[in-house]
1. Given the Cα-Cα distance of F16 and S88 and 0.36 nm per residue of separation, how much length would full extension add, in nm?
2. Using the Cα centre as the reference, give the magnitude of the dipole from point charges on the C-beta atoms of region 3-113 (Lys, Arg: +1; Asp, Glu: -1; all else neutral), rounded to the nearest 20 debye.
3. Positive end of the charge dipole of region 3-113 (Lys, Arg +1 and Asp, Glu -1 on Cβ, about the Cα centre): tell me which of S74, H30, M86 has its Cα farthest that way.
4. Would you order T52, T35, T17 from fewest to most other beta-carbon atoms within 10 Å of each residue's own beta-carbon?
5. PRE reach from D42 (point 7 Å along Cα→Cβ): which of region 69-96 fall under 17 Å by backbone N?
Amino acid sequence: MPISNFELKSIDAERFTEKGKRMKNIRVDHNSSVTKMKQIDDSTCLIGFRFTANYKGMGRIEIEGQLIYKGEHSDLASKWQKNNKMPSDVANQVHSTIISNCIPEAVFIARELQLPPPIPLPKVKIPDKDGGGKKKIRKGGMEVA
């Protein structure tokens with residue numbers, strides 16, 4: 001795997017609203033960005049990152065860290081420093097790793113701050129119709145989802 005040594009360096013979180021205040025239509029925006037890139041050797045880069053979960057008007061969670069990327073891109077850091085862009089395959093791997101590691105951390109932090117989890121919760125929907133298009137007739141008994 002080209003990514004190793006994933007490390008969190010700082011966590012900053014804040015709740016803006018009062019405890020118990022209910023808000024409707026809470027919007028949570030996620031963002032991961034690369035903040036620095038340093039070439040260690042021909043095939044290894046140190047990449048700094050920031051992950052943010054922003055609860056519109058309700059709070060925010062910000063996580064910073066770094067990781068090591070090993071790949072065949074010998075001039076990755078110099079190209080990134082010129083135009084802040086990475087090849088799409090590298091960007092996909094880096095941002096996927098950041099998100100998959102930071103979202104679980106953000107869920108725990110959100111719980112402590114009594115914010116909604118920064119992921120959409122699954123919705124259970126039990127269909128009213130069977131496969132034939134006819135409504136099911138429910139006769140007593142337990143319903144299981």
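1. 22.3 nm
2. Dipole about the Cα centre, nearest 20: 680 debye.
3. The one lying farthest along the dipole's positive direction is H30.
4. So the ranking, lowest neighbour count to highest, is T35, T17, T52.
5. 70-78
All of the numbers you see were taken from the coordinates with simple rules; none came from a lab. Just so we're clear, the structure is a prediction, and the values are computed from it rather than from any experiment. Note that we place each Cβ from the backbone using ideal geometry, even for glycine, and neighbour counts take in every protein chain shown.
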